[in-house]
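Encoded as C-alpha cells, the structure appears first; notes follow it.
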There are 2 protein chains.
Amino acid sequence: MVKEEREAAAEVLKALAHPVRLGVVEILAGGERTVTQLYEELGCSQSMMSQQLKILCQQKLVEIRKDGTQKYCSLCNRDFLKVFTCMHKHLRQFLNFQD
Amino acid sequence: MVKEEREAAAEVLKALAHPVRLGVVEILAGGERTVTQLYEELGCSQSMMSQQLKILCQQKLVEIRKDGTQKYCSLCNRDFLKVFTCMHKHLRQFLNFQD
DNA sequence: AGTAAGCATTATAATATTTTTATATTAAGC
DNA sequence: GCTTAATATAAAAATATTATAATGCTTACT
C-alpha cells in the first residue's frame, strides 16, 4: 500500500472505530433497519445517529434508501463482518476480555 | 456484542485507524523490524513512531523485544492482515480508489 | 392549512488525538 | 568515564472528534 492508500484505508477504519457505529454495522448484519430502530436499540439520540450514519455512508459502509417519511439503512459490504470475527477473537485471545 | 465489548473493539480499531500505524502493521507483516527501520521507511519522526508503537502495543497488535540498544517490533496477531485485504477491496469496489 | 412523525443540519462545548519540539534514558564501544 | 546510537517521555500547540441542544425540512395524515 502506498501512502495515499493507507490514508484512505485509515478513514474507512476510523468510520468503524466507534461504539455506536460499530453497533449500527452489527445490527444491520441482521438486515435492514430504520434510523429510529437503530437509535432506539443502541440507546443514543436521534441526532447522534444521524451524524454517525452520515460517516458510515461516506465510507460506503452503509447505504440508505428512502421510503416516504422513513429511511432504511443496510450494509454496503458484508465483507466487513469478518472484522467482527477478528475483533471478537482478538479481544479474548490477546486482551483477556471476559464475557 | 454487548456495549462493553463494542467499546473495547472500537479501541482496537482506533489503534489501526491511522496512516502511520497502518503502515507499521503492513511492514511488520513482512517480519520483524527495528524502530529506526520503521520510522525511516515510513518517513516520520522517531518520536512519532515511538508514540504510535505504544498505542499498537497497548492493543496487542504489536509486540516489542529488546536486544541491546535496539528494539525489535513484530505482529502479535497475523489474523489482522485480513483487514488489509478487506480494505484493499473496499477502496476499489466502493470508493473507486485508483492505483 | 395545520399537525405530527421521521430525519437532517447547525452550532457549540467538551474532550481526545495528532504532531512537533525538547529533554531524558539506556546500553555499547572506546 | 565519555560519547554516541537507539529509543522513550513530557509538554505544548494544532487539529479533530464527540455529544448535546436547538432548529429546520419533508412527508403523511386529517
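The values are calculated or read from the model by the stated rules, or taken from the named source; none is laboratory data. Remember, it's a predicted structure, so these values are computed and weren't measured experimentally. Glycine also receives a Cβ, built like all others from the backbone with ideal geometry; neighbour counts cover every protein chain displayed. Just the protein is used for accessible areas: all its heavy atoms, side chains included, with ligands, DNA and RNA removed. Shrake-Rupley method; radii C 1.70, N 1.55, O 1.52, S 1.80 Å.
Tabulated results
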quantity	calculated
Summed residue charge, Cβ within 15 Å of B:ASP79's Cβ, Lys/Arg positive, Asp/Glu negative	+4
Separation between Cα centres of the stretch B:1-53 and the stretch A:1-71, rounded to whole Å	24
Probe 1.4 Å - accessible area at B:THR69, Å² to nearest ten	140
In sequence order, calculated HN-Hα J values of the stretch B:85-93 (Karplus, 6.51, -1.76, 1.60; Hz; x Gly/Pro)	4, 4, 5, 3, 5, 4, 4, 7, 7
Using a 7 Å Cα-to-Cβ projection, A:TYR72 label spacings across copies, nm, ascending	5.6
Chain B - percent relative contact order, Cα under 8 Å, separation 6 or more	25
Three-way shape call for the stretch A:3-94 based on the alpha-carbon gyration tensor, with the a/c threshold at 1.5	prolate
Distance (nanometres) between label positions extended 7 Å along Cα→Cβ at B:ASP79 and A:SER45	3.7
Label point 7 Å beyond Cα along the C-beta direction, distances from B:GLU7 to other copies (nm, shortest first)	3.4
Value of D in µm² per second that Stokes-Einstein yields for the protein assembly as shown, Kirkwood Rh from Cα pairs, at 20 °C (1.002 mPa s)	121
Using a 7 Å Cα-to-Cβ projection, B:GLY30 label spacings across copies, nm, ascending	4.4
Difference of contour (0.36 nm per residue) and Cα-Cα distance, A:CYS57 to A:GLU4	17.0 nm
Mean residue ellipticity (222 nm) of chain A, computed from DSSP H runs ≥ 4 via -39,500 (n - 2.57), nearest 500	-18500 deg cm²/dmol
Accessible area, probe 1.4 Å, largest first, for residues A:ASP99, A:ASP79	A:ASP99, A:ASP79
Cβ-defined net charge surrounding A:TYR39, 13 Å radius [Lys, Arg +1; Asp, Glu -1]	+1
Proximal charge balance of B:ARG65 [Cβ under 11 Å; K/R count +1, D/E count -1]	-1
Cβ charges +1 (Lys, Arg) and -1 (Asp, Glu), total dipole of the protein assembly as shown, debye	40
